[in-house]
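Any read-out appearing in this document is the output of simple, stated calculations on the displayed coordinates, not a laboratory observation. Keep in mind it's a predicted model, so treat the numbers as computed, not measured. No Cβ is skipped: glycine too gets one built from the backbone with ideal geometry, and neighbour counts run over all protein chains shown.
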2 protein chains.
Amino acid sequence: MPAFRFHSTRSLVQPMRATLATLQESRIREVANAGMGRGDVLPFWFGESDEPTPQVIRDAAVASLQRGETFYSHNLGLPDLREQVAAYASRLHGAVGMDRIAITSGGVNALMLAMQALLDAGDEVVAVTPVWPNLTAQPVVLGARLRCVPLSPQPDGAWALDMAALLAAITPATRLLVLNAPNNPTGWTLSAQEQCTILAHCRATGTWILADEVYERLYYEPTPNACAPSFLDIAQPDDRLVVVQSFSKSFLMTGWRLGWLVMPPALTPHMGKLVEFNTSCVSVFTQRAGLAALAHEADITPRVVAHMRACRDTLVPLLQALPGVSVAPAKGGMYAFFRLEGQPDSLALAKRLVAEAGLGLAPGVAFADEAEGWLRWCFASQDTGRLAEGVGRLKKWLGL
Amino acid sequence: MPAFRFHSTRSLVQPMRATLATLQESRIREVANAGMGRGDVLPFWFGESDEPTPQVIRDAAVASLQRGETFYSHNLGLPDLREQVAAYASRLHGAVGMDRIAITSGGVNALMLAMQALLDAGDEVVAVTPVWPNLTAQPVVLGARLRCVPLSPQPDGAWALDMAALLAAITPATRLLVLNAPNNPTGWTLSAQEQCTILAHCRATGTWILADEVYERLYYEPTPNACAPSFLDIAQPDDRLVVVQSFSKSFLMTGWRLGWLVMPPALTPHMGKLVEFNTSCVSVFTQRAGLAALAHEADITPRVVAHMRACRDTLVPLLQALPGVSVAPAKGGMYAFFRLEGQPDSLALAKRLVAEAGLGLAPGVAFADEAEGWLRWCFASQDTGRLAEGVGRLKKWLGL
């Protein structure tokens, strides 16, 4: 027998990492669960369209399955897909080599892989909030220290970055800056000029930038490339920059779990190891679907974006017409983020709206403390009439 | 401007975590890369059958895609699939509730999730080796400290556990014990009695057991349940035990990336959060394939296992007949692990066999230092004639 004295307990006193218990379950799901199984609720709580993936994309996966492509594949993705992703990124942002691309099991997986590549426990991460909660949870899972720089709501309902505050927060002690622009949930977007300022600062401090740009194509301001400003437009290949992308939004492929990373070439082989240790690879049939999506991008994405814009331009004016509502049209993304006067508790409000109005929205507090009192409405809806019906329910609930 | 002095460099002096650089790229892939694009190499290096997934499983995914099931789903998996997985585990091991099941993006993803749930940076992990290298890499990715307890090769070529050495290594300071039995690469398997001894010890030390049992059905000893001994047979639901399973081996589904975890019920909601932060969910169409696999398990798995046994019983005697070869028939798994007298450098040998004999094997050193001088041959082959041809090539290369 070993020489040490056995502890007396076998109960689950410490059932897991203490860190894990501090991670909040999604308060979006908390609201959605409250409405689960109720056919009379109009759900706008999750960040996905209610339109299935285009047939031509699904057909490519079906054909692959029928060919029997059911084996392991490359950690970094099919060479064909990496090449086509690089070509697509190059069309939007200037030359991006395929040696900078890794195919991942969705955008969130790309973010987790990037953080595993860059963060040791104890490292300092700066994040701009409000933001999709996964982005701030991942550093915590990895034992990093998180520091948030809040956007500020403006009188018109738009959110704005205080650049001086952000730059002051990023010091040589900052290992990683996490940014999501166009932003979920606020619709806030970085300008090219702001990206230049941030990149210059992070070059000086030696800080990595992790840019979640999955909404880049869902951008409603006039641009030459039909795309939001990207750090790829201004950075060099060997900058400390990792950009996360996804097929989910631009190709209506949320449920497929297919995304990619753009990174400095020197990082790519190491990312291949991390893919091996996390998921091994993405299914070949899913990657074939990605190839079909890119091959038909000119047909699919502009249609998706035009429809999203129509959704935004249906919903936002209807909301703006309600007394006590502050909301600005999002520059990018697929959300209306709004405040209702006299309703400071967004979780309680969202639950009441489910129960009393049959309207399913996400509570602002899910995204940051400073977003308390706000609600997120995903306007990605095949039928814009659903949006009008939702506003009608809100109006009725408000007694208007 | 901030008050600190900027560092002068923006070059990639520290391009990523130092830890990441220490992780070895797969030496199996190093050998495979050496043979890439050479049609004259018979590959037995990877751990997968060359038989595509059964049609009935593929059909279920195709039908799901045709129905348009392309949306996000539950973090923990479709309730139907969790229920069927629980029923399957219960048939093999006694009652397992679906509140203990999480569906994951493959077995390796299940392992990574479990480690994220249990390991803080600096925690001590004990692993029994030789083992699939991902199992020892994952704790390192998470900043844990790894301590290996080696199996020992016996004169007949089988590998054996020194139980006293293992128990001595597991102290109250040990957060997690990682075990893979039936074992990749050695074929070593824990007996039920050994599992009882280990469980009792870990209960006393408060150590979690992470049991990778993905080869449980590929087991060739006589048993009442056509399954290797499992910790689930002997543990209580609230024991500090997490078992990892996969559809890959028993259902010929390597490329699908579909697996599951069995854990204490109290851990399950937290695992749901980790799934959200790692991959969000598994594609619904992939989960439908899993449901079809379980529905047809009685047709599929016994046939797969019988064929694997035929493969083992073809390959091992042929190898044993060669002078200078030590190899024992694996009790479980799908590998012949053998030593060739006078060949101490397995990586160099494996590369020479590719180049000079057209034979693709995995080098033992990929699995542990103590496996240096050994080679792993995956015998999962639709055509057992391929195995005989492979041995013929080895024989010729040996000048026999």
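Assuming 0.36 nm per residue, please report the length gained on full extension of the stretch A:Arg147 to A:Thr384 beyond their Cα-Cα distance.
Working: separation 237, 0.36 × 237 = 85.32 nm, distance 3.86 nm.
Roughly 81.5 nm would be gained on extension.
Taking the label point as lying 7 angstrom from Cα along the Cα-to-Cβ axis, what are the distances from B:Ala34 to the corresponding position in the remaining copies, in ascending order and in nanometres?
Counterpart label points of B:Ala34 in the remaining copies fall at 6.3 nm.
At a Förster radius of 45 Å, what calculated FRET efficiency corresponds to the Cβ-Cβ distance of A:Asp99 and B:Asp162, to the nearest 0.05? It would help to have the intermediate numbers written out before the result.
Values: r = 46 Å, r/R0 = 1.02.
Working from the Cβ atoms, E equals 0.50.
Could you give the semi-axes, largest first, of the ellipsoid that matches the range A:220-294, computed as the square roots of 5 times the alpha carbon gyration tensor eigenvalues and rounded to whole Å?
Numbers: eigenvalues 108, 86, 15 Å².
Its equivalent ellipsoid spans semi-axes of 23, 21, 9 Å.
As I understand it, the dipole of chain A uses +1 on the Cβ of Lys and Arg and -1 on the Cβ of Asp and Glu, about the Cα centre. Which of A:Pro222, A:Met308, A:Gly122 lies farthest toward its positive end?
Farthest along the dipole direction, towards plus: A:Gly122.
Output the Kirkwood hydrodynamic radius of the range A:252-399, Cα pairs only, in Å rounded to one decimal.
Values: mean 1/r = 0.0552 Å⁻¹.
Result for the range A:252-399, one decimal place: 18.1 Å.
Defining the label point at 7 Å along Cα→Cβ, can you sort the distances from A:Asp369 to the same site in each other copy, shortest first, in nm?
4.9
Give the nm distances, rounded to one decimal, from B:Pro265 to the matching residue in every other copy, measuring between label points 7 Å along Cα toward the beta carbon; shortest first.
5.6
Please compute the Cα-Cα pair-distance distribution of the protein assembly as shown with 20 Å bins starting at 0, giving whole percents from short to long.
Answer for the protein assembly as shown: a P(r) of 16, 48, 30, 5, 0 percent.
Which lysines, if any, have their Cα less than 27 Å from the Cα of A:Lys396, not counting same-chain residues under 8 positions apart?
Counting by Cα, and skipping residues close in sequence, A:Lys396 has these lysines nearby: A:Lys351.
With r as the distance between the Cβ atoms of A:Leu92 and B:Arg91 and R0 = 51 Å, compute the FRET efficiency 1/(1 + (r/R0)^6) and round to 0.05.
Values: r = 52 Å, r/R0 = 1.02.
Efficiency, from the Cβ-Cβ distance: 0.50.
Which ³J(HN,Hα) values in Hz, rounded to whole numbers, follow from the phi angles of the range A:190-196 under the Karplus curve 6.51 cos²θ - 1.76 cosθ + 1.60, where θ = phi - 60° and Gly and Pro get x?
6, 7, 4, 5, 5, 4, 4
Which value in deg cm²/dmol, rounded to the nearest 500, describes the helix-derived mean residue ellipticity at 222 nm for chain A, given -39,500 (n - 2.57) per DSSP H run of n ≥ 4 and division by the residue count? Could you put the intermediate results ahead of the total?
Working: 13 runs with 152 residues, N = 400.
So the calculated ellipticity at 222 nm is -11500 deg cm²/dmol.
List the relative contact order of the range B:55-296 as a percent without decimals, with contacts defined as Cα pairs under 8 Å and 6+ residues apart.
Values: 461 pairs, mean separation 74.2, N = 242.
Reported relative contact order: 31 percent.
Report the relative contact order of the range B:266-375, percent, no decimals, based on alpha-carbon pairs under 8 angstrom and at least 6 residues apart.
Numbers: 90 pairs, mean separation 16.5, N = 110.
RCO, the range B:266-375: 15 percent.
Just tell me which lysines come within less than 19 Å, Cα to Cα, of A:Lys249; anything on the same chain fewer than 8 places away is out.
Partners found: A:Lys331.
Whose Cβ in chain B comes nearest the axis that rotates B onto A, and by how many Å?
B:Ala121, 2
Over the residues of the range A:21-115, compute the C-alpha Rg and express it relative to 2.2 N^0.38 Å. All intermediate terms of the calculation are to be shown ahead of the outcome.
Working: Rg = 18.6 Å, N = 95, 2.2 N^0.38 = 12.4 Å.
Normalised by 2.2 N^0.38 Å, the Cα Rg of the range A:21-115 equals 1.50.
Could you derive backbone 3J(HN,Hα) for the range A:347-355 from the dihedral phi with the Karplus parameters 6.51, -1.76 and 1.60 (θ = phi - 60°), listing whole Hz in sequence and x where the residue is Gly or Pro?
Each residue's phi maps through the Karplus curve to give 5, 4, 4, 4, 5, 5, 5, 5, 6 Hz.
Straight-line reach from A:Lys273: which aspartates and glutamates have Cα under 13 Å away, leaving out those fewer than 8 places along the same chain?
B:Glu25, B:Glu30
How many angstrom separate the Cα center of the range A:60-106 from the Cα center of the range A:165-193?
With the range A:60-106 and the range A:165-193 each reduced to a Cα centre, they are spaced 28 Å.
Could you pull out the GluC sites (Glu not before Pro) across the range A:159-247 that fall in loop regions by DSSP (anything but H, G, I, E, B) with no more than 11 other Cβ atoms inside 10 Å? Could the numbers behind the result be given before it?
Details: sites: A:Glu194, A:Glu213, A:Glu216; in loops: A:Glu213, A:Glu216.
When the GluC sites (Glu not before Pro) of the range A:159-247 are filtered for loop state and at most 11 Cβ neighbours within 10 Å, nothing remains.
Taking the Cα centre of the range B:198-284 as the origin, how large is its charge dipole in debye, to the nearest 20, when only Lys and Arg (+1) and Asp and Glu (-1) carry charge on their Cβ atoms? Spell out each step's value before the answer.
Working: 6 positive and 8 negative charges, 41 e Å.
For the range B:198-284, the charge dipole is close to 200 debye.
Any chance you could run the full-extension gain for B:Asn225 through B:Asp345? It's 0.36 nm times the residue separation minus the Cα-Cα distance, nm to one decimal.
Values: separation 120, 0.36 × 120 = 43.20 nm, distance 4.01 nm.
Residue separation times 0.36 nm, minus the Cα-Cα distance, leaves 39.2 nm.
Among A:Ala368, A:Pro344, A:Gly358, pick out the residue whose Cα is farthest towards the positive end of the charge dipole of the range A:329-378, where Lys and Arg carry +1 and Asp and Glu carry -1 on C-beta, about the Cα centre.
It is A:Gly358, whose Cα lies furthest towards the positive end.
Inverting the mean 1/r over all pairs of different Cα atoms, compute the Kirkwood radius of chain B and quote it in Å.
Values: mean 1/r = 0.0451 Å⁻¹.
Computed over chain B, the radius equals 22.1 Å.
In the range A:213-286, with Lys and Arg counted as +1 and Asp and Glu as -1 at Cβ, which of these residues, A:Gln236, A:Ser283, A:Gly272, has the Cα nearest the positive end of the dipole, that is, farthest along it?
Farthest towards the positive end: A:Ser283.
So what are the ³J(HN,Hα) numbers for the range B:22-31, from phi and the Karplus equation (6.51, -1.76, 1.60; θ = phi - 60°), rounded to whole Hz, Gly and Pro as x?
6, 6, 6, 5, 4, 7, 5, 5, 4, 5
What dipole magnitude, in Debye to the nearest 20, does chain A give about its Cα centre under +1 on Lys/Arg Cβ and -1 on Asp/Glu Cβ? The partial results should precede the final answer.
On the way: 33 positive and 36 negative charges, 161 e Å.
My answer is approximately 780 debye.
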